[in-house]
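None of the figures in this text is laboratory data; all of them are computed from the coordinates on show. Nothing here was measured: the structure is a model prediction, and the numbers come from that model. As a convention, Cβ positions derive from the backbone with ideal geometry for all residues, glycine included, and neighbour counts pool all protein chains shown.
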Amino acid sequence: MAVQKHILVADDDAPLRFFASRILTYAGYQVSEATDARLAHLMVLAANHNYTPYDLLLVNTQMLLISGEPLFQELALLENCPPLLLLRDSLCAPSATTSQTPFRGALIKPFTQQALLETVAHALAAVENRSTLALNMSS
């Protein structure tokens with residue numbers, strides 16, 4: 001049996017967060033929710049500390065207080081940062097995107113159930129492929 005992937009959905013828009021969480025849960029993912037970027041940051045740190053890191057973060061780039069963009073930049077500095085999939089209102093990529101960051105793409109709001117599931121699956125597959133490649137190279 002495959003290990004259930006754990007995804008953190010961080011968005012201050014409650015209906016969107018609920019929509020994304022429910023779809024992902026019904027698709028078989030374990031989902032946690034954060035209502036803002038500060039809470040998401042704390043949850044990522046706690047998960048890493050407990051050796052139960054998230055497999056993927058879905059983060060809104062335009063939240064109140066701390067937006068997703070500074071959160072993205074802070075998380076990208078972590079040694080074991082989970083891959084980031086950004087929830088955006090437009091198609092432009094975050095300024096912190098480089099080949100060394102965990103950026104795995106963006107999902108433009110509003111999005112459909114199919115778009116969410118396909119984008120998440122693609123992001124997780126990219127991480128799996130990279131992990132498999134690293135394991136094969138070290139053998």
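Worth pointing out:
- Legend: calculated FRET efficiency, Ile108 to Leu78, from the Cβ-Cβ distance at R0 = 22 Å, rounded to 0.05, equals 0.30.
- Between Leu117 and Gln62, the contour length at 0.36 nm per residue exceeds the alpha carbon distance by 17.6 nm.
- Footprinting exposure proxy ranking of Leu86, Leu77, Leu45, fewest other C-beta atoms within 10 angstrom first, gives Leu77, Leu45, Leu86.
- Residue exposure sequence - Glu74, Glu128 - by fewest surrounding Cβ within 10 Å: Glu128, Glu74
- Footprinting exposure proxy for Thr35, Thr112, Thr119 (fewest neighbouring C-beta atoms within 10 Å first): Thr112, Thr35, Thr119
- Measuring r between the beta carbons of Tyr51 and Ala125 and using R0 = 30 Å, the FRET efficiency lands at 0.80.
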